[in-house]
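Asker: Have a look at the structure that comes next, please.
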Amino acid sequence: MRLLLIGAKTGYQTRAFADAAARLGLNLTLATDRCHVLENPWGDDAVALEFKDPEAAARKLAEEGRFDGIVALGDGPAYLAAVAARHLNIPYNSPQSTANCRNKFLACKCFYDAGLLTPNFRRIPLNEAASGADIVYPCVLKPLTQSASRGVIRADNPDQFTAAFHRIAAMLKPERDEFLLVEDFITGREFALEGILDHGRLNVLAIFDKPDPLDGPFFEETIYVTPTRMPKHVQQEMRYATAKAIKALGLTHGPIHAEMRLNDRGVWMLEVAARPIGGLCAKVLPGLEELILRHAAGEDVFRFTIPNEPAGVMMIPIPKGGIYAGVSGETEARAVPLIEDVIVTAKIGQHLLPLPEGNSYLGFLFARGGNRVEVESALREAHAKLRFEINAALPVL
């Protein structure tokens, strides 16, 4: 089988999928947004694509010959994969469905039209004066197409609204976005659902608790723990809401990652991404890469399951901006009971930018075994052992 994997050249997940393909004996062709002028700069023999021109990229991929399946890592690559799949005549989501997922305003409209619990929402042009006078508070301001909570800010009054509006507008100016989304703040705890679609049928692989409250002013995700602590009937509500949201968006084929809030009114869908869980977080679900590749190769993924023992991941937040100079305490963190791995992804000399402008992490902690409470405790204890050195960045004159 010959599979196509589309992902960013700097993505964490690419190597994990390449290794999984080798274990399965699959012929995997990588396509990334690397420079087309340089001769194989990353040593991966990837096809160089221009992500900003999906149609041209799809035509270039069609020239590479026949592919049996396609996998995308990331929101932008998922849209490109949808366009490419149409040219290559292989099963995947439609371009419109992935566009609905990428744009938070379109996703809200789809959820509202499908009768899902949806906060009041509106789209505001970035070139308008931002007074916040006619807004219901608290509210949340969001860029339409960013991920990893980048640019998401809560405002509790008009002054905070105006400050958040201008902060997001400045962040998005180089990207030429024209609108941002404003919606009522939803109370409750957040959860995530990982699944895979096979011609419209949803196979739920895991439901994650997010034990840290995400109430703002920024919404940086840290800890995911599975299996969820919620009772079976609530899990069924989450599955039902996710399936309904998937149908509303028009998704049909491939991995999905859903985010939702739960309160006394029920399940509120925040988003459904047409891709697997991001970064290195997939390590918390052993065999996820193999399962996604098997599905792309046409196998029946309902025959396979993901191990359901308690496990968790912490995405290590960036505490302040500056220049990354190193970390100590890794040995102590690894020695914490249940800790499975400590992976620091920040590079010496890297300029770090925290939320809401930033969209990355210092690294990842993984724990497995015991029970959910012990997994969460191990992640917090290991994180406390790490001491990151971040130096002040010199101003550019």
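The values are calculated or read from the model by the stated rules, or taken from the named source; none is laboratory data. Since the model is a prediction, treat every value here as computed from it, not as a measurement. As a convention, Cβ positions derive from the backbone with ideal geometry for all residues, glycine included, and neighbour counts pool all protein chains shown. With ligands, DNA and RNA removed, areas are computed over all heavy atoms of the protein, side chains included. Shrake-Rupley method; radii C 1.70, N 1.55, O 1.52, S 1.80 Å.
Asker: Which residue pairs have Cβ atoms under 8 Å apart, sit 6 or more places apart or on different chains, and have a first residue in the range 1-15 that is at pLDDT 85 or above and basic (Lys, Arg) and a second that is open to solvent by 50 Å² or more (accessible area, probe 1.4 Å) and part of a loop (DSSP other than H, G, I, E, B)?
Answerer: So the pair list comes out as 2/66.
Asker: Against the condition surrounded by fewer than 18 Cβ atoms within 10 Å (Cβ to Cβ) and polar (S, T, N, Q), how does residue 252 come out, does it pass?
Answerer: no
Asker: If a residue has to be open to solvent by 20 Å² or more (accessible area, probe 1.4 Å), closer than 19 Å to residue 255 by Cα and out of contact with any helix residue (DSSP H, G or I) (no Cβ under 7 Å at 6 or more places or on another chain) to count, how many in the range 173-204 make the cut?
Answerer: Of the residues in that region, 3 qualify.
Conditions tested, residue by residue: (1) assigned to a loop (DSSP other than H, G, I, E, B); (2) among the charged types (D, E, K, R).
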site	(1), (2)
233	no, no
237	no, yes
240	no, no
247	no, yes
255	no, no
258	no, no
261	no, yes
276	yes, no
293	no, no
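Asker: Quick one: how many residues across the range 354-363 are at pLDDT 95 or above and either in a strand (DSSP E or B) or farther than 16 Å from residue 222 by Cα (or both)?
Answerer: Final tally of qualifying residues: 1.
Asker: Something else: Working only within the range 160-172, note down all residues that are in contact (Cβ under 8 Å) with a residue 24 or more places away in the chain and open to solvent by 30 Å² or more (accessible area, probe 1.4 Å).
Answerer: Across the range 160-172, the qualifying residues are 160, 162, 166, 167.
Asker: What pairs can you find where one residue is in the range 189-218 and in a loop (DSSP other than H, G, I, E, B), the other is of a type in the set (Phe, Trp, Tyr) and crowded, with 19+ Cβ neighbours inside 10 Å, and their Cβ atoms are less than 8 Å apart, with a gap of 6+ or different chains?
Answerer: Close Cβ pairs satisfying both conditions: 210/191; 210/224.
Asker: Only one of 334, 294 is farther than 30 Å from residue 200 by Cα, surrounded by 14 or more Cβ atoms within 10 Å (Cβ to Cβ) and basic (Lys, Arg); which?
Answerer: Details: 294 fails: farther than 30 Å from residue 200 by Cα.
None of the others qualify; the one that does is 334.
Asker: Also: With crowded, with 23+ Cβ neighbours inside 10 Å and either closer than 30 Å to residue 25 by Cα or under 24 Å from the mean Cα position of the chain (by Cα) (or both) as the only criterion, which of 58, 78, 114 stands out?
Answerer: Details: 58 fails: crowded, with 23+ Cβ neighbours inside 10 Å; 114 fails: crowded, with 23+ Cβ neighbours inside 10 Å.
Testing whether each residue is crowded, with 23+ Cβ neighbours inside 10 Å and either closer than 30 Å to residue 25 by Cα or under 24 Å from the mean Cα position of the chain (by Cα) (or both) leaves just 78.
Asker: Which ones in the range 112-155 are hydroxyl-bearing (Ser, Thr, Tyr), more than 23 Å from residue 246 (Cα to Cα) and touching an Asp or Glu at 6+ places or on another chain (Cβ under 6 Å)?
Answerer: Across the range 112-155, the qualifying residue is only 137.
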